[in-house]
Every structure is written in C-alpha cells, then in structure tokens.
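Here the structure is laid out as structure tokens; the discussion comes afterwards.
Just so it is clear, none of the values below were taken in a lab; they were calculated from the coordinates. None of these values were measured; they are calculated from a predicted model. Don't worry about glycine lacking a Cβ; one is built from the backbone with ideal geometry, like all the others, and counts go over all protein chains shown.
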Amino acid sequence: MSIPIQAQEAFNHLLDWLKREPWKSRFHQFADETILELAEINEVDINELSHLAETQGWAPLIMRGITEYFAELLFETEPSNVVDDYLKRRGWKETLLGRQYLEALSITSARLYQVQAVVPGVSVTVQDLVEPSTVLVVSELLASQALQPAECLLAKVVEVQETLYFSGALFQLKPEGAFHWASEIQEILVAEEPAMEEEDPAAALLQDCRIDLLGAAVAYFLNPLPTITNTDGHLYLSSEIRFPLLKEPTLITRILDDLPDFERESPEKPEWIWFDPKRSSQNQLTILGSVKLTGKWLKAEVNSKERAQALLDYLKAMLPEALGQEIVT
C-alpha cells in the first residue's frame, strides 16, 4: 500500500468515526453479513475462514476491503453516508489531500484490472477488464516491486491531487475468475445499458457484484497461485511501521540523511527511499521500502514481514533515543 501518509491518516480517522453510533452498529452488521457471505461463496465454515484469515495474515486486508466498500453505502435514514457525515463534522481537521482521498473512496467502486506494465518502485499500469479502452498509470511504490504483467487485480483506483493511487485494499484474483466476472458484467451492459439510469452503468454493476468479487479475492487466498515474493524472496505483505518522535525532527532528518542506504525522494521533503547498496547501481536502486517524517511521527512502509523487522531493528539502532514504541500494521 502506497497511498500518501495524509490519506492513510484520514482513513484512520474514519475508522475512529466508525466507533460512534449510528455507524458502529451499522458497520458491525455490514461486516458480519459480508464475512458470512464470503464464507458461503467459498463453501467454507465461517469459523474456519476467520481462523485462516488470522493465521495466514490476510484478515487486515479483507477488513480494509470491507471498510472501503462500506464507505460507498447510502442508508435511507440520516446520516446516510459515513464519509459525508465524518467530513461534515470533522473534515476541517483533515488536510486537503486527506479530504480528497476520503471523498474519492466514497464515490469510487472497486474494478477489475489486469496489469500491463510495471516500473518497480514507481508505478503500475493497469487495463480495465470491463472497459478495456481504459488504461491507467497508478503511482505505487511497494506493490510495483511484486506485481507482474498479466496478473489480475480487484482494486479501487482513486485520484488525489491529480495523481492516481490504489486506495489501500488491493487484491489479486485468479485470471479465470477475473475474466469470468468481466465477461458477465459486459454481457449485462450490452443487454441492459440502454435502460440503465446510472451515470456510470459499469460502476453500478460492479457495486452490485462487490461481495461476489471480494469472494473471488478470498478464493485466491484460500487457493493461491504460485507465491508472489519481493526481490529478497520474501512473501509479499504490505506493512507499515509508525514511531512517535521523542526528539526534534531536524535531528532525525540529519541522521537519516547520513545513512548510506537512505536516499531522499526529493530535497524539499523529509521522505527517503531505503535501498540495498549492494544490489543497486547509479541508474537503478533496489528499493526495500520508504520512510517519511510527518508531524510527530516517523512512518515506514515495506512489503514483507522480514523487511519490516529488519527496518524496525535498523531504525531503533540508528535512532536509539529518538523514537518511541513502534506500531506495526
């Protein structure tokens, strides 16, 4: 996951808002019903599904997907949409980028994509399987180091400040499942689009199928294709580490600037790429992760459990008295 830090912070604030009524009870009911449907779609006992998701490490991604789907829902009684409600009441606290991200999350449906090209550490080019004329170049740091051309995805692509990002819940699908659903939706569009009143009929149909599509993502977890790994051979798993700052950001910036395997992404911002000097050249870095200073936090993103632990230990060693207790997600 490589959405901007301000977008992730806004999403975390939305999660806090979901702990308030009426959203708490609405979300719990939606999540419980969705998980039950996912179990039924995959013909697996719900307790077994929950156990597998927890032990195999994909439960947080499924819950992220369920939360992103919930952000689209419109209820008959007010407040009708959780994002609208949150932004009306607390939007003034968010950055412009954070507000744009949440607004995009609430109006964007997950779609079926096939990877066309990858620039490791930079971007993923995807083609919409339902509307093949749509080809998007998505800014993506971590997944771009693991995805390969021809792989199929279920994802929301959101536009924030004129840049496209995967929203956060990025799922891989088996090609036969992805093409099956794309074909089904295309057939319905051919037959019914003239009579459909929605501004974007394809998006409306994808919304109607969202639980089935998420079920296909669960099927991938239950019966995966050959394992996708990063350049170290580690199983791909997007991870974020957050440290509260105990020292001044200027001190931490100076230390990180001096590390031989850290390079600034841009001179103006306290954002670094963590790379492997032994496997890098002057023209091509082997990227291991990214680190950013934001407010009172140092935040890092990597794409495996092993890299998360290695970076955590490294930062603690380099900044022994500057960082508080880490939070790993």
Extension gain Gln148-Ile41, at 0.36 nm per residue separation less the Cα-Cα distance, in nm?
-> 35.8 nm
Pulled fully out, how much extra length does the chain show between Lys305 and His51, if you take 0.36 nm times their separation in residues and subtract their Cα-Cα distance?
-> 89.5 nm
Once you charge only the Cβ atoms, +1 for Lys and Arg and -1 for Asp and Glu, what is the size of the charge dipole of the chain about its Cα centre, to the nearest 20 debye?
-> 1620
Can you give the Rg and Dmax of the stretch 204-329 based on its C-alpha atoms, in angstrom?
-> 17.9, 53
Mind telling me which of Gln116, Gln207, Gln309 comes out most flexible in a GNM of the chain, alpha-carbon contacts under 10 Å?
-> Gln309
Which trypsin sites (Lys or Arg not before Pro) does the stretch 5-43 hold that lie in a coil by DSSP with at most 11 other beta carbons within 10 Å?
-> Lys19
Residues listed by number, the stretch 59-73, amide nitrogen under 13 Å from Val328 label point at 7 Å toward C-beta = none
Per-residue Cβ neighbour rank within 10 angstrom, fewest leading, Glu198, Glu131 | Glu198, Glu131
Above-threshold pairs, the threshold being 24 Å between Cα atoms, out of Lys93/Lys296; Lys24/Lys174; Lys247/Lys316; Lys93/Lys292; Lys88/Lys299 = Lys24/Lys174; Lys88/Lys299
Please state the charge dipole magnitude for the stretch 239-328, taken about the Cα centre, from unit charges on C-beta atoms (+1 on K and R, -1 on D and E), reported in debye and rounded to the nearest 20.
-> 140
Both in Å, the radius of gyration and Dmax of the C-alpha trace of the stretch 5-222 are 17.2, 47
Taking the chain and dividing mean pair separation by its residue count, relative contact order in percent (alpha carbons under 8 Å, at least six apart) = 15
Taking a crude spin-label model, label points 7 Å out from Cα along the C-beta direction, the Thr95 to Phe30 distance in nm is 2.6
Which whole-angstrom value gives the distance between the alpha carbon centres of the stretch 104-183 and the stretch 9-44?
-> 23
How would you rank His234, His51, going from fewest to most other Cβ atoms within 10 Å of each one's own Cβ?
-> His51, His234
Ser80/Thr231 FRET efficiency (R0 41 Å; Cβ-Cβ; nearest 0.05) = 0.35
Over the stretch 239-328, calculate the relative contact order: mean separation of alpha carbon pairs under 8 Å at least 6 apart, over the residue count, as a percent.
-> 41
Candidate aspartates and glutamates for bridging to Lys278, where Cα separation is under 13 Å - those fewer than 8 sequence places away on the same chain excluded = Asp232, Asp261
If each residue's Cβ is checked for other Cβ atoms within 10 Å, how do Tyr165, Tyr220 rank with the fewest at the top?
-> Tyr220, Tyr165
Please identify which residues in the stretch 285-329 have an amide N closer than 15 Å to a label point set 7 Å out from the Cα of Lys278, following the Cα→Cβ vector.
-> 286-288
